[in-house]
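Scroll down for the structure; my scribbles are underneath it.
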Amino acid sequence: ADAARIGPIDRIFTRIGAADDLAGGRSTFMVEMTETASILHHATPQSLVLMDEIGRGTSTYDGMSLAWACADHLARECRSFTLFATHYFELVQLAAHYPQIHNVHLDAVEHGHSIVFLHQLKEGAADRSYGLHVANLAGLPAKVLKTARAKLAQLEQQADQQLQQDHDQPQMALHLLPDPEPDPQPGPEPARHPVLDELAQLDLHNLTPIQALALLEQLQNRVRD
């Protein structure tokens, strides 16, 4: 952009790319969810949030539900200035429920099995994705792409048939969800046992093993009583 006016920004949050932490026992999807959780907990109405492809690391229904819920939370709770990129077409329905949400897409021109991305922002949602075109640009074998196109045509035909049979309830349609029930208010905290105060005041570094064992036995007996 030649210029932009976005107001004061307190922090910039991003959830972009795919990476795992195998040494730490975290899968790619766990890393994605951990970073997403941090954003949803800390973003404010003065934050700039850039989210890319939330929910793609798990099953279709799980991923789409998570993406929908995250976008919904950003719009209702965080109210941050957000760019939320996704291939889940179902999420475009959010714009009908929230006046602050707008659908945009990047323009592209197709010619046969090739594609040229124009890097121009257009109003409205995209009418399709270009996964097979990108795979072609990446150099996947022609036989693989041919098989993928045949499978895509089969899946689209099945989806059209399902929509025709179930026109009152479109497949995978998502609707605005009500506000979640608030967490129940916690009751009064139970009285604190005096043994806990004694444990907190112990100077463990100046106790011998025999003294520590004897003291532990005394405290255990008091708790049992």
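The values are calculated or read from the model by the stated rules, or taken from the named source; none is laboratory data. All figures in this text were calculated on a predicted structure; none of them were measured in a lab. Heads up, the Cβs are rebuilt from the backbone with ideal geometry, glycines too, and the neighbour counts pull from every protein chain shown. Accessible surface areas use protein heavy atoms only, side chains included; no ligands, DNA or RNA. Shrake-Rupley method; radii C 1.70, N 1.55, O 1.52, S 1.80 Å.
Listed values, structure above:
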{"read-out": "Checklist (1) more than 21 Å from Ala135 (Cβ to Cβ); (2) open to solvent by less than 60 Å² (accessible area, probe 1.4 Å); (3) out of contact with any helix residue (DSSP H, G or I) (no Cβ under 8 Å at 6 or more places or on another chain); (4) modelled with pLDDT under 95 applied to Leu50, failing item", "value": "(4)"}
{"read-out": "Within the range 53-67, tally of residues that are assigned to a helix (DSSP H, G or I) and open to solvent by less than 50 Å² (accessible area, probe 1.4 Å)", "value": "3"}
{"read-out": "Residue check, Gln157 farther than 30 Å from Glu77 by Cα, at pLDDT below 80 and surrounded by 10 or more Cβ atoms within 10 Å (Cβ to Cβ)", "value": "no"}
{"read-out": "Filter pass, Asp107 being of a type in the set (Asp, Glu) and in contact with a helix residue (DSSP H, G or I) (Cβ under 8 Å, 6 or more places away or on another chain)", "value": "no"}
{"read-out": "Considering residues of the range 162-176 that are surrounded by 11 or more Cβ atoms within 10 Å (Cβ to Cβ) and either at pLDDT 65 or above or in contact with a Pro (Cβ under 7 Å, 6 or more places away or on another chain) (or both) only, the residue farthest from Phe89 (Cα to Cα)", "value": "Gln162"}
{"read-out": "Tally of residues being within 18 Å of Lys122 (Cα to Cα) and surrounded by fewer than 16 Cβ atoms within 10 Å (Cβ to Cβ) across the range 78-91", "value": "4"}
{"read-out": "Residue list for the range 127-148, filter: open to solvent by 70 Å² or more (accessible area, probe 1.4 Å) and closer than 25 Å to Leu91 by Cα", "value": "Asp127, Arg128, Val134"}
{"read-out": "Residue match in the range 103-119 (condition: open to solvent by less than 70 Å² (accessible area, probe 1.4 Å), among the polar types (S, T, N, Q), under 21 Å from Tyr88 (Cα atoms) and modelled with pLDDT of 85 or more)", "value": "yes"}
{"read-out": "Failed criterion for Asp10 (all others in (1) acidic (Asp, Glu); (2) open to solvent by 40 Å² or more (accessible area, probe 1.4 Å); (3) in a helix (DSSP H, G or I) hold)", "value": "(3)"}
{"read-out": "Residue, least open to solvent (accessible area, probe 1.4 Å), within the range 21-39, restricted to residues that are in a helix (DSSP H, G or I) and farther than 21 Å from Ser59 by Cβ", "value": "Ile39"}
{"read-out": "Residue check for Ala18: more than 20 Å from Lys122 (Cβ to Cβ) and either touching a Phe, Trp or Tyr at 6+ places or on another chain (Cβ under 8 Å) or open to solvent by 70 Å² or more (accessible area, probe 1.4 Å) (or both)", "value": "yes"}
